[in-house]
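Written below as structure tokens is the structure these notes are about.
The values are calculated or read from the model by the stated rules, or taken from the named source; none is laboratory data. Since the model is a prediction, treat every value here as computed from it, not as a measurement. With ideal geometry, Cβ positions are generated from the backbone for all residues, glycine too; neighbour counts draw on all protein chains shown. What goes into the accessible areas is simple: the full protein's heavy atoms, side chains included, and nothing from ligands, DNA or RNA. Shrake-Rupley method; radii C 1.70, N 1.55, O 1.52, S 1.80 Å.
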Amino acid sequence: VISRIRESSMPRPTLTATLGLSEIFSYKSLVHACSGATGGVTAISVFFPLNTARIRIQVASSEEAKGLLQTIQDVVQDEGLLALYQGWHSAVLA
């Protein structure tokens, strides 16, 4: 039990001490970071209109509630295509 306490209280090596700065900030790491960021922005951009329509359906009263496609069509007709992407910037930056 005492050896476990001593082991857990010992400081763990940091990521930079384990790998080294040159391995963390390598070209390969940059490519992976850019790929992940691009994938994330693409996923948000594709599904954001569906999320906007879902929220509008949930907020609508029971008399106004429609299906997903009808809700998207109404939003585009009444407010324009960009209305489906309101709040997109904050979602991408988060």
Computed over segment 20-94, protein heavy atoms only, probe 1.4 angstrom, the accessible area per residue in square angstrom equals 74
Probe radius 1.4 Å, ligands and nucleic acids ignored: give me the carbon and sulfur share of the accessible area of segment 37-79 as a rounded percent. 62
Sparse-neighbourhood loop hits (chymotrypsin sites (Phe, Trp or Tyr not before Pro), segment 21-94; DSSP loop; Cβ within 10 Å at most 15 others) -> Phe25
